[in-house]
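The values are calculated or read from the model by the stated rules, or taken from the named source; none is laboratory data. Since we're looking at a predicted model, the values are computed, not measured. Here the Cβ positions follow ideal geometry from the backbone for every residue, glycine too, while neighbour counts run over all protein chains shown. Please note that ligands, DNA and RNA were not included when accessible areas were found on the heavy atoms of the full protein model with its side chains. Shrake-Rupley method; radii C 1.70, N 1.55, O 1.52, S 1.80 Å.
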Amino acid sequence: MDVENGEGQVQVHLKTKQEHYAVPDVPYAIDGTVATVELNTFVNALLQQKDGAVVDFDFLVFDEYLRGRLCDHLREKAISFEDAIEIEYVERFPAPEPQDCLLHDDWVSAVKASGKWILSGCYDNTLNIWTNKGKHILTIPGHTAPIKAVDWISLDEEKGRFVSTSQDQTAMLWQWNVAANSVECVSVCKGHERGVDSVSVSPDGQRFATGSWDTMLKVWSAELEDSAEGTSKRMKESGVRTPKMTLQGHRESISAVQWMDASTLLTGSWDHTLKVWDLSLEGIKTEISTNKSIFDASYSKLNRLILTASADKNLRLYDARTNQGSVVRNTYLGHNAWVQTVMWSTTEEFLFVSGAYDNQNKLWDCRSPKAPLYDLLGHGEKVLDIDWSNPNYIISGGADNSVRIFKSRKAVSDDVEIK
């Protein structure tokens, strides 16, 4: 039996966690040359759906998606062809559908969705609020240099609060009256000495953190009334806010910041490191050294893993909990230019999205390192930011002066919103 050359039979067991798609648990003899297409036909034939519907599946063989012939996959994993192979099949995540294109006057460098609203930050120094159906609601001037990052603090039917950071070295806190469609700047947050590249609001909405080209990580109050300002009448009247905490440790620009929980922050930097900060100790808890500048990083509360985006076209997966935190768990190949932005899904444990200077967004499953699930096309220039905060919409901003919206075809109720 010459399976190693792709000829002959392999014994397989077909398993699934989706019980309504289960097939009899018996060994099946299949040809070693099969790939996903043939396996799909085989499983659908076993299922024989009553309504004649054909279900698209992906196949996990030793924790990795099958992306070529089964025999090649086994050989690469050094698995004996004599063994019975367990193949897990999962229903394929449906391709997101391109929706509206939101046109701006300059590069769109920051995007964040919350509920039915989209907040965008632009290189013309303005913020914009849109509906996820593509209707423009408001343009907000105030910053004196390009916007680099935005995040929502809170949002209900009557009012929204959000924060923006800019190359003008400030963060600005805003309150939006939804009914009147008016916005006021609550505070200008001063303390950084260079442009502010990244921002993240704490899970309880009471604080936010910023990372800057001055290499500093700062934590600020996100409350409307900052108690620390009460002592200085002049500061309070001017609306200027100062940081609650400044943390030093990075050697170059902090390109990414994210709250992992109420007292833990993740940062990524151009200095090739990821750092996990314990705010109760005001210091570094864990450091992961990489060999590439990090342009973005994303932590998943579902699987507790960290993704990084870098200039060498690759995305990498790390686990900060292990002693070998600096060991790359996986590398994702698919972009052909510098990767600028990455974000985990907030509802799908294995899925994430990325955007790069090859003008493309990609939707990935972390078990498929050799290829993304889908290319999300539309941008005519490099992608600067991507967001999947609302499970129903993947949104991205680019140097083609637009925001692109892709709607997930896997319905999630609109009230599912994970901070």
So, in region 183-230, exactly how many residues are free of Cβ contacts under 8 Å to residues at least 40 places away in the same chain, farther than 13 Å from Asp151 by Cβ and assigned to a strand (DSSP E or B)? 3
Identity of the residue in region 380-389, not charged (D, E, K, R) and not in a strand (DSSP E or B), that ends up farthest from Leu66 (Cα to Cα): Gly380
How many residues does region 282-315 hold that are within 12 Å of Thr331 (Cβ to Cβ) and among the acidic types (Asp, Glu)? 1
Taking region 284-334 and the residues there that are modelled with pLDDT of 90 or more and loosely packed, with under 12 Cβ neighbours inside 10 Å, the one that is nearest to Tyr357 (Cα to Cα) would be Ser289
Every listed condition ((1) open to solvent by 40 Å² or more (accessible area, probe 1.4 Å); (2) modelled with pLDDT under 95) holds for Val240 save (1)
Looking only at region 251-280, count every residue that is outside any strand (DSSP E or B) and in contact with an Asp or Glu (Cβ under 8 Å, 6 or more places away or on another chain) and tell me the total. 7
Return the total of residues in region 103-135 being buried (at least 19 other Cβ atoms within 10 Å of the Cβ), in a strand (DSSP E or B) and of a type in the set (S, T, N, Q). 4
Can you tell which of Ile79, Ile87 is farther than 30 Å from Ser200 by Cβ, assigned by TED's automatic domain parsing to the domain that holds His13, surrounded by 14 or more Cβ atoms within 10 Å (Cβ to Cβ) and at pLDDT below 90? Ile79
Scanning region 40-61 residue by residue, those within 31 Å of the chain's Cα centre (by Cα) and buried (at least 16 other Cβ atoms within 10 Å of the Cβ) turn out to be Asn40, Phe57, Asp58, Phe59, Leu60, Val61
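Could you tell me which residue of region 136-182 is nearest to Gly195 (Cα to Cα), considering only residues that are of a type in the set (Val, Ile, Thr) and outside any strand (DSSP E or B)?
From region 136-182, those of a type in the set (Val, Ile, Thr) are 137, 139-140, 144, 147, 150, 153, 163, 165, 170, 178; that's our starting set.
When the remaining residues are screened for being outside any strand (DSSP E or B), the result is 144, 170, 178.
Values: Thr144: 11, Thr170: 7, Val178: 30 Å.
Going through the qualifying residues, I end up with Thr170.
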So how many residues does region 75-93 have that are out of contact with any Phe, Trp or Tyr (no Cβ under 9 Å at 6 or more places or on another chain) and either basic (Lys, Arg) or touching a residue at least 12 places away in the same chain (Cβ under 8 Å) (or both)? 3
Only residues that are under 15 Å from Pro243 (Cα atoms) and under 23 Å from the mean Cα position of the chain (by Cα): list them for region 165-197, please. Thr165, Ala171, Val196
